[in-house]
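Remarks on the structure that follows.
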Amino acid sequence: MSPPRIARTLDTPRLRLRASEVAMAGAVADYFARNRAHFAPWDPPLLPGHGEAAFHATQLAELREQFASGIGWTFWLLPRDAPRRVIGKITLSNILRGPFQSCHLGYGLDEQAQGRGLMHEALTAVIAAAFAPKANLHRIQAAVRPENTRSLALVQRLGFHDEGLARDYLYNGGRWRDHRIFTRLNDAFVQPAHW
C-alpha cells in the first residue's frame, strides 16, 4: 500500500510552497546565510558545512526521499514575484501512521519577510493539505519557546491548543530549553480501514 500523499507544490495568494529539489541548493544556502544571526538563538548546533551549497544539495536529496516515502514533508517558501528566492521553510517531520497518525511541525521565515502574515498564509495551506483526505493526518504538534511571542501568537491564531510546558524539551540557542507544546487536531480525519 502506498503512503498517503500531499502535493509537492502548494500555492497561496503570495507564495509558492515547493517540496525539496537538489536544484534548490544554492537558493537554500543563500537563505540560511542571510539569516544566520536571525536563526542562531532558535537553532540547534549547525552541522559542519552548513553554509555550503553542496551540504544543502545532500540535505535536499534526503528531504526529497522523506517526502516521497511519506515520513517527512518539507516545503520551501518562495514569493510569487521572486520564484527563485527562498524566504522560509515549513517541515512536517516524524510522520507516524498506525494508531498515532501524527507529526511534528517546524518552521522558519526570513528576517526581512517578518510581520506580513506570510508564515500564517503558508501554514494555513500546509495544514489544510496535511488534513485533507489524501494525506489524512490526525494531529500536528508544534513546540514553541515561551519567550518567542511572535510564534506563540501564530500557532494560537492557527487554532492550535496549548497542552502545557515541556521542560528542557529541545537543545537550541546553546542550551536545553523549555517549550510550550501546541497541537491541532483534524476534525475531518477519516479512520483508515487498516492501520
Expected output for the range 180-194 (first residue under 9 Å from GLN141 (Cα atoms) and open to solvent by less than 80 Å² (accessible area, probe 1.4 Å), partner among the aromatic types (Phe, Trp, Tyr) and not in a strand (DSSP E or B), Cβ below 7 Å, 6+ apart or cross-chain) is PHE182/PHE160; THR183/PHE160; ARG184/PHE160
Here the residues within the range 51-67 that are surrounded by fewer than 16 Cβ atoms within 10 Å (Cβ to Cβ), among the small types (Gly, Ala, Ser) and more than 25 Å from GLN114 (Cα to Cα) are ALA54, ALA61
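Find the residue count for the range 161-195, including only residues that are among the basic types (Lys, Arg), at pLDDT 95 or above and over 14 Å from GLU147 (Cα atoms).
So the count comes out to 1.
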Scanning the range 3-50 residue by residue, those surrounded by fewer than 14 Cβ atoms within 10 Å (Cβ to Cβ) and closer than 19 Å to LEU118 by Cβ turn out to be THR9, ASP11, PRO13
Residue pairs within 8 Å by beta carbon, gap of at least six or interchain, first lying in the range 125-139 and among the aromatic types (Phe, Trp, Tyr), second surrounded by fewer than 20 Cβ atoms within 10 Å (Cβ to Cβ), listed first then second, are PHE131/ASN186; PHE131/ALA188; PHE131/PHE189
In the range 76-98, anything over 17 Å from GLN141 (Cβ atoms) and part of a loop (DSSP other than H, G, I, E, B) is listed as ARG80, ASP81, ALA82, PRO83, ARG84, ARG85, VAL86, ILE87
Given (1) more than 18 Å from ALA142 (Cα to Cα); (2) touching a residue at least 60 places away in the same chain (Cβ under 8 Å); (3) charged (D, E, K, R); (4) in contact with a strand residue (DSSP E or B) (Cβ under 7 Å, 6 or more places away or on another chain), ASP43 misses just (1)
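Residue-wise test of (1) open to solvent by 20 Å² or more (accessible area, probe 1.4 Å); (2) touching a residue at least 40 places away in the same chain (Cβ under 8 Å); (3) touching a Cys at 6+ places or on another chain (Cβ under 6 Å); (4) not small (Gly, Ala, Ser).
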| site | (1), (2), (3), (4) |
| --- | --- |
| ALA82 | yes, no, no, no |
| ILE90 | no, yes, no, yes |
| GLY98 | no, yes, no, no |
| CYS103 | no, no, no, yes |
| GLY108 | no, yes, no, no |
| GLY115 | yes, no, no, no |
| HIS120 | yes, no, no, yes |
Restricting attention to the range 99-120, the residues that are assigned to a loop (DSSP other than H, G, I, E, B) and either among the β-branched types (Val, Ile, Thr) or in contact with a Pro (Cβ under 9 Å, 6 or more places away or on another chain) (or both) number exactly 1
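The values are calculated or read from the model by the stated rules, or taken from the named source; none is laboratory data. Model, not experiment: these values are computed from the prediction. Every residue, glycine as well, gets a Cβ built from its backbone with ideal geometry; the counts of neighbours run over all protein chains shown. Heads up: the accessible areas ignore ligands, DNA and RNA and are worked out on the full protein's heavy atoms, side chains in. Shrake-Rupley method; radii C 1.70, N 1.55, O 1.52, S 1.80 Å.
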